[in-house]
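To keep things clear, I will list the structure first and then write my remarks on it.
The values are calculated or read from the model by the stated rules, or taken from the named source; none is laboratory data. Quick caveat: nothing in here was measured; it's all calculated off a predicted structure. Here Cβ is always computed from backbone atoms with ideal geometry, including for glycine, and neighbour counts include all displayed protein chains.
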Amino acid sequence: MNIDLSINPDLVRDLLTRFLRSEISRTGLTRAVIGISGGIDSALVAFLAAEALGAKNVLGVRMPYKSSSQDSLDHAMLVIETLGIPHKTIPITEMADGLIQKFPEMSNMRKGNIMARSRMITLYDQSEAFQGLVIGTGNKTEILLGYSTLYGDGAHAINPIGDLYKAQVRQLSRAIGVPQPIIDKPPSADLWAGQTDEQELGFTYEEADKLLYLLVDQRYTPEEAIEAGFARQFVETVIRRIRRNHFKRVMPVVAKITTRTVGYDFLYLRDWGT
C-alpha cells in the first residue's frame, strides 16, 4: 500500500513561523529558549524559531551529560553557528549524578529520565533568565508512541512540530536548510553510549509513521491496518504504546466533582472572559 506523507513545505513553514510568533506574543514575551541536542527535531525548531522571532531572540542551550557523544555537541554547535543565535553550554552531569550515584543498581531507563528532567530544570531556569518561552521539540511520532519523559523533554510551553511525523520533519528540515549531517544521522536521545531511538523502540520511524498515519489520521481499525499489509504483532505493539502512553499527552486527570471542572468544562480562553 502506498502511503504518502509528503507535505507542502512552504505552506507548513509559513504556518509554523506564524504559530510561533502569535503564541509567544500572546504570553507577552518575544523570545524563545530551545534545548539544542544535535538531533533533527531540535534543529528544525531552532530554524523555525530564528525565522519567526529573529536569531537574537532565540537562546540555544546545549546540556551535555558526561556520556553524551561529541558528535551531538558538534552538531548542536553547527545549528547554533549556522543560525547565529545566542547560546549556552550547561553540563548536567553534576546535577543528575547527585541522584544517580545514590543508587548503584539504577537502570539506564531511570538514569535517562533523570537526565531528561535535569535538562528540563535547566531550560526553565534559562527561560526566566532570558525571558523566553521554552519551545518543545517532540514530533508526532514520538508523542503518539509516548517516546518521551514526562516532565522532561515532554515539558514545554508550546510545540511547533508536534503535528509532524518524523518523515515530515525530515522533509521540512531539508527545505528550511538544516545541515545535511544532522538530517542523515540516526535519531538518538543521546542518553547513553550507542543508544538510538529505533533500536530502543524495536522498529523504524518509517514503519511507525505509515502505520500511525493510518490508525490516527485515517481512522483505520487494527484489522484494516493488518489488511493493508502491516504485521499483526507490529500493529498490536503500536496500539498498546498509544493507549498506554495516553497520560503523557494530556493534563493530569482531575476527579470530577462539580459542574465546572478544570480540563473538562473549564477549557477555553472564553471561560475567563477573553
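Just a few scattered comments:
- Figure legend. Inter-residue proximity from the range 1-30: first residues more than 30 Å from residue 231 (Cα to Cα) and at pLDDT 95 or above, second residues among the small types (Gly, Ala, Ser) and in a loop (DSSP other than H, G, I, E, B), beta-carbon distance below 9 Å, spacing 6+ or different chains. Indicated pairs: 23/157; 24/132; 24/157; 29/132; 30/54; 30/132.
- Any hit, the range 199-217, residues being in contact (Cβ under 8 Å) with a residue 12 or more places away in the chain, among the β-branched types (Val, Ile, Thr) and out of contact with any Asp or Glu (no Cβ under 7 Å at 6 or more places or on another chain): yes
Table: residues versus (1) among the β-branched types (Val, Ile, Thr); (2) surrounded by fewer than 19 Cβ atoms within 10 Å (Cβ to Cβ).
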| position | (1), (2) |
| --- | --- |
| 55 | no, yes |
| 89 | yes, yes |
| 99 | no, yes |
| 127 | no, no |
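- Scanning the range 61-99 for residues that are in contact with a helix residue (DSSP H, G or I) (Cβ under 8 Å, 6 or more places away or on another chain), without any contact (Cβ under 8 Å) to a residue 40 or more places away in the chain and closer than 16 Å to residue 120 by Cβ returns 62, 64, 88, 90, 92, 95, 96, 99.
- 2 or more residues under 12 Å from residue 145 (Cα atoms), of a type in the set (A, V, I, L, M) and at pLDDT 95 or above: qualifying helices (runs of 4 or more DSSP H) within the range 192-254: 205-212, 232-244
- Those helices (runs of 4 or more DSSP H) of the range 90-166 in which at least 2 residues are under 10 Å from the mean Cα position of the chain (by Cα) and either more than 16 Å from residue 63 (Cα to Cα) or aromatic (Phe, Trp, Tyr) (or both), considering only elements entirely within it, cover 140-145.
- Residue within the range 58-79 that is under 19 Å from residue 157 (Cβ atoms) and not aliphatic (A, V, I, L, M) present: yes
- Residue satisfying all of: in the range 153-168; touching a strand residue (DSSP E or B) at 6+ places or on another chain (Cβ under 8 Å) and aliphatic (A, V, I, L, M); nearest to residue 115 (Cα to Cα) among these: 155
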